[in-house]
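Written below as structure tokens is the structure these notes are about.
The values are calculated or read from the model by the stated rules, or taken from the named source; none is laboratory data. None of the values given here were measured: they were computed from a predicted structure. Note: ideal-geometry Cβ built from the backbone for every residue, glycine included; neighbour counts use all protein chains shown. Quick note on the areas: whole protein, heavy atoms, side chains included, nothing else; ligands and nucleic acids left out. Shrake-Rupley method; radii C 1.70, N 1.55, O 1.52, S 1.80 Å.
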Amino acid sequence: MKRAFVVIAAVTVLAALSVFPVGAEEPEWQADLLAQLEREKNCEMLYVTNTRESELGGERTVSGRAHCADGRNFDFARLKPYLSFELKACEPVVC
């Protein structure tokens with residue numbers, strides 16, 4: 001039982017490290033994502049998780065998951081800073 005608690009606590013800490021609440025020293029791309037989600041998906045973005053920033057062919061790329069106030073989630077990706085984000089709704093998967 002104690003070991004399970006330690007594992008759960010560790011996972012919680014790691015998950016918290018990849019969360020960027022809106023307004024808390026946000027990366028420059030986050031304002032673009034916020035505006036696009038509001039405009040295209042009527043989503044009031046609360047925070048993002050699982051963000052990955054990298055460089056591909058000399059361009060900064062970013063991807064992750066945006067969480068809306070109404071409970072919806074969208075995976076997002078942008079390959080170049082001047083492009084719009086690709087948005088994909090996270091749907092439940094049934095096997």
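For the range 81-95, the candidate set comprises residues that are under 15 Å from Gln36 (Cα atoms) and not in a strand (DSSP E or B); within that set, the residue that is least open to solvent (accessible area, probe 1.4 Å) is Phe85. Going residue by residue through the range 31-39, is there one that turns out to be closer than 27 Å to Val93 by Cβ, over 15 Å from the mean Cα position of the chain (by Cα), modelled with pLDDT of 95 or more and surrounded by 10 or more Cβ atoms within 10 Å (Cβ to Cβ)? No.
Screening Glu59 on (1) at pLDDT 95 or above; (2) in contact with a Lys or Arg (Cβ under 9 Å, 6 or more places away or on another chain) shows it passes everything except condition (1). On the stretch given as the range 58-80, residues that are open to solvent by less than 80 Å² (accessible area, probe 1.4 Å), out of contact with any strand residue (DSSP E or B) (no Cβ under 6 Å at 6 or more places or on another chain) and assigned to a loop (DSSP other than H, G, I, E, B) total 2. Restricting attention to the range 40-57, the residues being crowded, with 17+ Cβ neighbours inside 10 Å and closer than 20 Å to Pro81 by Cβ number 3.
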